[in-house]
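Presented below is the structure to which this report refers.
The values are calculated or read from the model by the stated rules, or taken from the named source; none is laboratory data. These numbers come from a predicted model, not from an experiment. When we count neighbours, we look across all protein chains shown, and the Cβ atoms used for this are built from the backbone with ideal geometry, even at glycine.
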Amino acid sequence: MKGTDKIMLTVIVKPNSRVEDIEEIDSGTLRVRVNAQPEKGKANERVIELLSKHFKVPKRNISIIKGHTARRKLIAIELKSSD
């Protein structure tokens, strides 16, 4: 039976970075560096794009639960399980 698993992550965003990357700080916390500006949701969009590629899920499976305008965000990611 196939279903979905949801994981919750704390993400610390570093906007205006020269290099874009994702670094695991500890279990459940990631630092995401993006080259986008933190205005009009541009950095949030880029964070979702990078997480989508990293976890190999569609962008629609990733949502910001808390911290839309903060650097520290709570993000939910729906993963497909292979049960």
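What the table shows:
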{"item": "Within the chain, strands (runs of 3 or more DSSP E) holding 3 or more residues that are surrounded by fewer than 16 Cβ atoms within 10 Å (Cβ to Cβ) and in contact with a Ser or Thr (Cβ under 8 Å, 6 or more places away or on another chain)", "result": "3-14, 72-81"}
{"item": "Residue among Met1, Met8 that alone is out of contact with any Phe, Trp or Tyr (no Cβ under 6 Å at 6 or more places or on another chain), of a type outside the set (Val, Ile, Thr) and at pLDDT below 95", "result": "Met1"}
{"item": "Residue in the stretch 27-36 that is in contact (Cβ under 8 Å) with a residue 40 or more places away in the chain and within 11 Å of the chain's Cα centre (by Cα) present", "result": "no"}
{"item": "Matching option when the condition is in contact with an Asp or Glu (Cβ under 6 Å, 6 or more places away or on another chain) and under 20 Å from Pro15 (Cα atoms), among Arg33, Arg72, Arg46", "result": "Arg33"}
{"item": "Any chance Ser17 is out of contact with any helix residue (DSSP H, G or I) (no Cβ under 6 Å at 6 or more places or on another chain), without any contact (Cβ under 8 Å) to a residue 12 or more places away in the chain and of a type in the set (Gly, Ala, Ser)", "result": "no"}
